Amino acid sequence: MEALSRFTNQELNHKIQFFVREERQATVEVLRLLREIERRLAYAELGYPSLFSYCTVELGYSEAAACRRIEAMRAMKESVEIEKKIESGELSLSAVSQARVAIRAHEQETNVKVSTEQRKSVMLMLSGLSKRAAEKVLVRELPVTLSARPIPERQLATGGTRLTLDLTEEEMSVIEDLRRLQSKTQNTKDLLMSLARRELAKKKRELGEAPLIRQPKSTAKVITPPAESKSPSTKSARAFPAPVKRRAWMKAKGQCEFVSALGNRCEARHHLEFDHRRPVAHGGESGLQNIRVLCHEHNILKAIQKLGAPVMGRYLPGRET
Ligand SMILES: [Zn+2]
């Protein structure tokens with residue numbers, strides 16, 4: 001190993017500049033590889049429910065680093081110019097990521113899609129800017145009201161996530177009123193969580209999925225099978241009867257049943273769907289022997305594998321922009 005202490009300051013400066021260029025080049029190479037991994041759903045075949053999960057678990061990125069890379073990769077997909085700016089170091093991954101989050105918030109609030117040209121021009125404006133300066137440009141170019149601003153999230157050392165909410169006086173008074181009228185006193189966090197859990201269970205019942213209710217910290221996960229629907233909905237040959245779904249859910253323990261070629265079982269417990277192992281079109285029945293629980297990504301992967309490459313195009317382009 002070279003003794004770094006022997007280098008002059010100028011030599012140190014040259015040396016580090018060389019490696020920074022290499023590092024940048026490697027980052028762009030990582031983004032290109034991620035683009036291909038996403039295009040052919042390689043992460044799903046390897047047993048991951050999302051590209052994000054692949055990046056954090058398989059590649060070992062922190063959640064924030066994975067988000068920045070995925071956002072930058074998708075921005076690169078939209079424009080070669082952006083790719084070049086990232087490669088030259090003029091545009092940082094965090095600036096691109098900031099821009100994409102702001103674009104989404106703006107689109108959600110105004111219900112108007114930001115054109116590809118405008119997206120590109122906003123991102124290019126962020127070239128060479130600090131995080132703070134980039135924020136100012138984004139607020140000017142893509143204004144959103146206080147409540148529509150993305151919620152800042154921070155990963156904590158404990159594994160939890162810190163959310164910071166900016167509420168207007170009127171919004172806060174809604175929460176305060178509800179707290180006052182509740183039969184038992186709850187702090188704001190408990191109140192919001194109980195509302196979210198109730199809403200989640202309701203939505204899952206409506207969609208015929210099991211009401212998966214996560215218990216607060218460290219208690220065992222309670223996995224409840226899907227409830228019987230009150231009124232039998234219009235049943236087609238494709239639909240699994242509720243008792244079949246319930247038993248399949250119990251068997252899968254509320255987790256995606258996809259297993260990769262290397263034997264890795266997907267860990268997804270959200271966005272789960274019931275899938276026919278053998279498609280109805282190929283004579284598959286809607287009984288217990290033909291049902292399995294898959295997450296959305298693996299359901300798509302299986303559909304693509306069953307239906308063949310020509311159908312892929314229908315699912316993939318722009319699926320996750
Ligand atoms: Zn899965």
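Any read-out appearing in this document is the output of simple, stated calculations on the displayed coordinates, not a laboratory observation. Keep in mind that this is a model prediction, so the values were computed, not measured. Because the Cβ atoms are built from the backbone with ideal geometry, glycine has one as well, and the counts that use them run over all protein chains shown.
General remarks:
- Unsatisfied cross-links (Cα-Cα over 24 Å) in the set 189/245; 77/113; 113/302; 77/203; 77/306; 120/302: 189/245; 113/302; 77/203; 77/306; 120/302
- Calculated over the range 1-132: convex hull of Cα atoms, volume per residue (Å³): 150
- Taking θ as phi - 60° and the Karplus parameters 6.51, -1.76 and 1.60, the scalar couplings of the range 56-71 work out to 7, 7, 6, 8, x, 6, 5, 4, 5, 5, 5, 4, 4, 5, 5, 4 Hz in sequence order, x denoting glycine and proline.
- Amide H to amide H, with H built 1.01 Å from N, residue 291 comes under 5 Å of 277, counting only residues 5 or more places away or on other chains.
- Peptide packing: for 131-140, 114-123, the average count of neighbouring Cβ atoms within 10 Å per residue gives the ranking 114-123, 131-140, highest mean first.
- Reported to the nearest whole Å, the Cα centre-to-centre distance from the range 274-308 to the range 56-116 is 33.
- From phi via Karplus (6.51, -1.76, 1.60), per-residue ³J(HN,Hα) for the range 257-262 in Hz, x at Gly/Pro: 9, 5, 10, 6, 4, 8
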